[in-house]
Structure formats: structure tokens, C-alpha cells
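The values are calculated or read from the model by the stated rules, or taken from the named source; none is laboratory data. Computed from a predicted structure; not experimentally measured. Glycine also receives a Cβ, built like all others from the backbone with ideal geometry; neighbour counts cover every protein chain displayed. Areas reflect the complete protein model, heavy atoms only, side chains present, ligands, DNA and RNA absent. Shrake-Rupley method; radii C 1.70, N 1.55, O 1.52, S 1.80 Å.
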Amino acid sequence: MAAPLITVRRLTPTDVAPLRALNAVFGRAFGEPETYGAEPPSDAYLAALLGNEHVIALVALAADDVVGGLVAYELDKFERARREIYIYDLAVAEPHRRQGIATALIERLREIAGERGAWVVYVQADRGDEPAIALYEKLGTREE
């Protein structure tokens with residue numbers, strides 16, 4: 001059986017349900033279901049958050065199911081007149097890993113960064129998280 005077609009899209013203020021589904025993916029992937037689900041914000045809070053241009057939430061969808069995603073923040077810098085995009089959370093549900101979904105999410109974020117005039121997209125990976133480090137090294141430059 002072939003892998004389902006995956007689409008990547010940016011969430012808008014009307015996409016509270018997919019954002020909640022993404023939080024569930026994050027909770028399972030990071031082993032922190034309480035952090036991502038114990039005290040969920042209101043729909044109004046999440047809709048307002050998704051309406052902020054500096055908040056970038058992307059989901060990977062298999063049909064209508066959220067199978068991965070990322071949340072990134074656009075940061076205006078003070079030391080130079082430029083902006084950067086910081087990937088805060090990125091995860092793919094276990095059954096959908098190693099299919100290029102994380103790469104597709106980052107590539108879409110790079111497109112958005114280019115449209116927004118961002119100087120760089122960056123992420124912080126913890127030592128010992130070898131799969132994440134390997135992915136990020138494949139897609140960019142590593143700094144310690």
C-alpha cells in the first residue's frame with residue numbers, strides 16, 4: 001500500500017481544530033501529553049494567536065488527519081535591521097516518520113521566510129536527539 005498523499009499548509013485563525021490536533025501530535029512525540037494538553041487555551045486565544053503574522057503554524061495532513069507540523073516565530077532583531085525565523089516545535093507522528101514530512105515542513109517554512117524577508121531560519125536541537133540533528137544538518141549549517 002502506498003503512503004498517503006501529504007499536504008502542508010499554514011494554519012489561519014479559522015484552524016483552531018487542526019492546531020489542537022497538532023498539539024496532540026507534539027504531546028505524543030515529545031512524551032509530554034500533559035504539557036501540550038492538560039490546560040488548553042480557549043478557541044478565541046488560539047484563533048488570535050494564529051492571526052499574528054509572526055506566528056507560523058504549519059501542519060502536514062494525510063487526508064484531513066494532522067500527522068505532523070511545526071510552530072515557528074518570526075523575530076525582529078535589534079542588533080541589525082533584519083528578522084529571523086525560529087522553529088520552536090517540530091514533530092511528525094511515529095507511523096509517518098521517515099517519509100520526508102519534516103523536510104517538507106521545513107521547506108515550506110523556508111518559502112514563507114523568503115516571502116517575509118527573513119535572514120535565517122534556525123532551530124535548537126538537544127544533544128542526544130540524533131534524528132533531529134541529522135535532519136537539520138541535512139538541510140542547513142550547524143553551529144554549536
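Among the protein heavy atoms, those of Val16 account for about 20 Å² of accessible surface (1.4 Å probe, every chain in place).
For region 13-89, trypsin sites (Lys or Arg not before Pro) are listed when DSSP marks them as loop and at most 14 other Cβ atoms sit within 10 Å of their Cβ; the list is Lys77, Arg80, Arg82.
Placing +1 at every Lys and Arg Cβ and -1 at every Asp and Glu Cβ, with all other atoms neutral, what dipole size does region 1-81 have around its Cα centre, in debye to the nearest 20? In debye, rounded to 20, region 1-81 gives about 220.
A 1.4 Å probe run over region 1-129, with the rest of the protein chains in place, finds 60 Å² accessible per residue. Counting only heavy atoms of the protein chains and using a 1.4 Å probe, Thr103 has close to 30 Å² of accessible surface. Computed 3J(HN,Hα) for region 37-44, one whole-Hz value per residue from the Karplus formula 6.51 cos²θ - 1.76 cosθ + 1.60 where θ = phi - 60°, is x, 6, 10, x, x, 5, 4, 4, glycine and proline marked x.
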